[in-house]
Amino acid sequence: MCENGTSCKHSLNGMVVHFFNPGYEASILRGVEHYTPPKMVRRLREDLQTLPIYYAGDEDKVLVTRRLPEELRHSRLTAHLPVGAELKPWGWGPELRGLFPSIELPYSSAVMAYFASRERGVELWHKVYKASPKSFRDAPPRKVVPPLALSPGRWVLKEDFTSSGRGIEMLDSSNVDITEVLQTKWVQTPPRSLFIEPYYEIVYELGFEYQRKNGAVAYLGYHRAITHKAQYIGSYLGEASLGVDIDAYAEWVRQSLQEMELYDYEGIIGVDTALYHWEDGSLHFVPCLEVNIRPTMGFVALSLAQRYLGNRGGRFVIARRDDPIIRRLTDSKPLYLYDDSTLVEGVYLLTPILDNTYFVAILEVGLKH
């Protein structure tokens with residue numbers, strides 16, 4: 001077993017295979033290799049399993065665990081992990097040992113937990129703050145250690161080993177006993193760390209995407225996130241003026257990520273932040289709301305924009321099968337089956353729709369926002 005983050009070279013034939021496994025954090029929390037995700041997580045994995053094809057390299061393959069009809073298959077989709085191939089999952093967790101017992105994972109359980117913990121977001125908050133202290137205000141996020149005394153007001157409680165809007169609870173001292181809520185959380189099973197941060201009246205939620213390669217971190221771009229009850233449902237694409245210095249913030253984050261201990265991790269890093277008003281009405285960034293050391297939906301969105309949008313705006317959406325947007329589809333076949341990347345304005349399907357599909361990924365081309 002490879003320890004202390006030392007990478008194991010398990011690509012013997014040069015082939016790279018991507019695997020979509022959101023919800024992997026739960027296997028880290030439980031520390032188990034044989035993990036069965038909740039029903040909705042399983043549906044998300046199955047329904048959106050082809051998404052990596054939109055950011056994978058031209059010669060890479062994508063592992064699909066659900067059999068697709070002949071007309072929805074593609075040469076870059078594979079039902080098996082070929083011997084000697086390099087696995088690139090959505091997230092690194094112990095469950096991969098149970099799913100792929102023939103390969104050796106490049107990280108120990110401790111390092112995988114280090115990557116997935118919300119402590120990385122707290123660490124990045126402080127590093128970004130130090131890069132330009134006059135640009136930020138409000139209290140930093142912190143780990144909850146009992147007893148905890150909080151001033152009256154609104155707070156956001158986050159559970160460790162969760163992401164993308166999961167494990168988040170809004171607390172308002174005017175209608176809930178926050179101490180009682182925390183005491184209930186502290187005795188939950190399995191135990192997990194809790195983090196608390198100020199509540200922000202958010203104007204825009206943004207995601208900044210980076211790539212780490214050979215120890216160097218490069219900025220890829222940003223997107224404006226679409227959320228509902230703190231959960232990610234999509235991204236607006238195409239540069240839109242937000243009235244703040246995007247480039248300066250992007251560089252503060254890049255430098256901060258460069259300083260973080262990331263072992264020999266190579267790949268995508270997504271940083272979630274937000275813009276909110278100060279008392280004088282000016283817009284300012286939150287140093288960091290969350291960091292994901294893995295591919296993100298925002299990275300998928302940026303990859304789609306680069307491939308299909310050109311100078312046009314658009315929207316990437318994770319929808320339900322019964323969402324009205326489905327009735328506006330330009331075509332019924334997923335975009336990975338298109339031979340031409342030039343698209344007219346319209347609404348395009350990204351992932352297959354089968355009889356029992358619940359989640360669907362959509363790209364809207366030509367949207368103004």
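For Thr162, which sequence-distant residues (separation of 5 or more, or a different chain) have an amide H within less than 5 Å of its own amide H, given hydrogens modelled in the peptide plane? Correct list: Arg118. Hydrodynamic analysis of the chain uses the Kirkwood radius over alpha carbon pairs. Inserted into Stokes-Einstein at 25 °C and 0.890 mPa s, it gives a translational diffusion coefficient of 113 µm²/s.
What is the fewest-to-most order of Lys61, Lys185, Lys229, Lys134 by other Cβ atoms lying within 10 Å of their Cβ? Present the calculation step by step, with values, prior to reporting the outcome.
Details: Lys61 23, Lys185 16, Lys229 8, Lys134 5.
Going from sparsest to densest Cβ surroundings: Lys134, Lys229, Lys185, Lys61.
Candidates Gly313, Tyr249, Ser117 compared by Cα position along the dipole of the chain: farthest toward the positive end lies Ser117, with charges placed on Cβ.
Helix-derived [θ] at 222 nm for the chain: sum -39500 (n - 2.57) over DSSP H runs of at least 4, divide by residue count, nearest 500? Mind showing how you got there, number by number?
On the way: 8 runs with 72 residues, N = 369.
For the chain, the value works out to -5500 deg cm²/dmol.
Compute, for region 138-198, the length of the dipole vector about the Cα centre, with Cβ point charges of +1 (Lys, Arg) and -1 (Asp, Glu) only. Units Debye, rounded to 20. Numbers along the way, then the final one.
Numbers: 7 positive and 8 negative charges, 41 e Å.
Dipole about the Cα centre, nearest 20: 200 debye.
So how strong a dipole does the chain carry about its Cα centre when Lys and Arg Cβ are +1 and Asp and Glu Cβ are -1, to the nearest 20 debye? Don't skip to the end; give the middle numbers.
Values: 41 positive and 46 negative charges, 111 e Å.
Charge dipole, the chain, about its Cα centre: 540 debye, nearest 20.
Of all aspartates and glutamates in the structure, the ones whose alpha carbon falls short of 12 Å from that of Lys158, not counting any fewer than 8 places away in one chain, are Glu119, Glu169, Glu197, Glu290.
Averaging the Cα positions of each part gives two centres, and for region 101-149 and region 59-87 these lie 34 Å apart.
Checking the table Lys39/Lys127; Lys61/Lys127; Lys39/Lys229; Lys61/Lys130; Lys61/Lys185 against a 32 Å threshold on Cα-Cα, which pairs fail?
On the way: Lys39/Lys127 38 Å; Lys61/Lys127 37 Å; Lys39/Lys229 20 Å; Lys61/Lys130 41 Å; Lys61/Lys185 41 Å.
Flagged as over cut-off: Lys39/Lys127; Lys61/Lys127; Lys61/Lys130; Lys61/Lys185.
For region 221-228, 3J(HN,Hα) computed residue by residue from phi via the Karplus equation (6.51, -1.76, 1.60; θ = phi - 60°) reads x, 9, 9, 9, 6, 10, 10, 9 Hz, glycine and proline entered as x.
Can you give the alpha-carbon Rg of region 228-300 over 2.2 N^0.38 Å, where N counts its residues?
Details: Rg = 14.0 Å, N = 73, 2.2 N^0.38 = 11.2 Å.
Compactness ratio reported: 1.24.
The amide H of Ile233, built 1.01 Å from its N in the peptide plane, has Ile226, Thr227, His228 as neighbours under 5 Å, considering only residues 5 or more places off or on other chains.
Can you sort Thr65, Thr78 by how many other beta carbons sit within 10 Å, fewest first?
On the way: Thr65 14, Thr78 17.
So the ranking, lowest neighbour count to highest, is Thr65, Thr78.
Computed 3J(HN,Hα) for region 88-105, one whole-Hz value per residue from the Karplus formula 6.51 cos²θ - 1.76 cosθ + 1.60 where θ = phi - 60°, is 10, x, 4, x, 8, x, x, 4, 5, 5, x, 6, 10, x, 7, 10, 9, 6, glycine and proline marked x. Annotation: amide H of Tyr35 has no partner in the under-5 Å range at sequence separation 5 or more or interchain, hydrogens built in the peptide plane.
By counting other Cβ atoms within 10 Å of each Cβ, how are Thr50, Thr36 ranked from fewest to most? Show your work: numbers first, answer last.
On the way: Thr50 25, Thr36 12.
Fewest to most other Cβ atoms nearby, the residues stand as Thr36, Thr50.
Read-outs throughout are calculated quantities, based only on the coordinates presented, and are distinct from any laboratory measurement. Computed from a predicted model, the values in this text were never measured in an experiment. Methodologically, a virtual Cβ is constructed for each residue, glycine included, from the backbone with ideal geometry; neighbour enumeration extends over all protein chains shown.
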